[in-house]
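Heads up: the structure comes next, in structure tokens.
The values are calculated or read from the model by the stated rules, or taken from the named source; none is laboratory data. Just so it is clear, the structure is predicted and the values come from calculations on it, not from any experiment. All Cβ positions, glycine included, derive from the backbone under ideal geometry; neighbour counts span all protein chains shown. Ligands, DNA and RNA are excluded from the accessible area calculation, which covers all protein heavy atoms including side chains. Shrake-Rupley method; radii C 1.70, N 1.55, O 1.52, S 1.80 Å.
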Amino acid sequence: MAKTGTTTQGLRAAIERSGYYPALVAEAVEAAVGGEPIVSYLVHQETTFDANEVRRHVTVLVLTGNRFIVSHTDEQAADGTSPSPYATTSTESVKVQRISSVVLSRVVANPESYTPGTLPREVVLTIGWGAVSRLDLEPAACGDPNCEADHGYTGSSTADDLSLRVSEAGDGPDTVRQTLAFAQALSEATAATPDTGR
């Protein structure tokens with residue numbers, strides 16, 4: 001379930017409603033935010049199935065006036081390194097001006113009869129700030145079908161630091177709305193922030 005809003009108290013309440021180790025998640029996020037006022041936030045819990053195990057994961061996104069904060073918390077079963085189950089929490093703080101792209105992909109049913117304002121059935125929010133890039137390469141070729149020369153490689157580099165998929169069927173319509181609201185707030189913040197050369 002995702003929640004979005006603009007206050008520290010609202011952020012803590014959203015983390016508590018997610019029910020996913022709220023004390024641990026809230027402490028990590030609040031330490032990263034510090035005393036900065038919150039512009040917008042999104043709390044998204046995801047359950048995945050890995051072989052015979054059910055794993056939970058929560059992502060918390062926070063936008064302040066100057067920074068974009070990402071927190072991930074995962075739970076792990078007992079293993080060779082730990083005799084008891086454990087959770088791992090990480091936070092990353094990125095200056096808003098470092099965000100190079102905010103991509104929002106919308107999946108809409110029956111596009112021929114789409115009415116503006118209709119909720120997409122699924123959205124994927126992808127945010128890039130240069131920490132992780134995906135490189136897709138393929139052999140380069142020329143227009144001559146008989147050419148056997150080595151033309152090297154061609155490809156593209158895509159910023160792929162964070163990708164969050166939310167669907168109406170899996171997460172509910174409120175979650176989709178909240179993801180759209182957070183994406184809009186983040187896009188507006190990056191547009192309003194001058195590029196300082198990073």
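Miscellaneous remarks
- Taken over segment 56-79, the criterion of being open to solvent by 10 Å² or more (accessible area, probe 1.4 Å) and under 27 Å from LEU180 (Cβ atoms) is satisfied by ARG56, HIS57, GLY65, ASN66, ARG67, HIS72, ASP74.
- Among the strands (runs of 3 or more DSSP E) confined to segment 91-172, the ones with at least 1 residues that are among the charged types (D, E, K, R) and at pLDDT 90 or above are located at 101-107, 122-128, 162-167.
- Screening ARG17 against (1) open to solvent by 60 Å² or more (accessible area, probe 1.4 Å); (2) within 17 Å of the chain's Cα centre (by Cα); (3) within 23 Å of GLU168 (Cβ to Cβ) leaves a single unmet condition, (2).
- Among (1) in contact with a His (Cβ under 7 Å, 6 or more places away or on another chain); (2) touching a residue at least 24 places away in the same chain (Cβ under 8 Å) - the single one GLU46 does not satisfy: (2)
- Test set (1) open to solvent by 70 Å² or more (accessible area, probe 1.4 Å); (2) modelled with pLDDT of 95 or more; (3) aliphatic (A, V, I, L, M) - ALA51 fails condition number: (2)
- When every residue of segment 56-70 is checked against the conditions, at least one turns out to be in a strand (DSSP E or B) and among the polar types (S, T, N, Q).
- Matching residues, segment 13-43, being touching an Asp or Glu at 6+ places or on another chain (Cβ under 8 Å) and without any contact (Cβ under 8 Å) to a residue 12 or more places away in the chain: PRO22
- Selected residue [part of a strand (DSSP E or B) and either exposed (fewer than 13 other Cβ atoms within 10 Å of the Cβ) or aliphatic (A, V, I, L, M) (or both)] from VAL25, VAL43, VAL29: VAL43
- Residue check for SER101: touching a helix residue (DSSP H, G or I) at 6+ places or on another chain (Cβ under 7 Å) and surrounded by 15 or more Cβ atoms within 10 Å (Cβ to Cβ): no
- Residue check for SER90: farther than 19 Å from ALA189 by Cα and open to solvent by less than 40 Å² (accessible area, probe 1.4 Å): no
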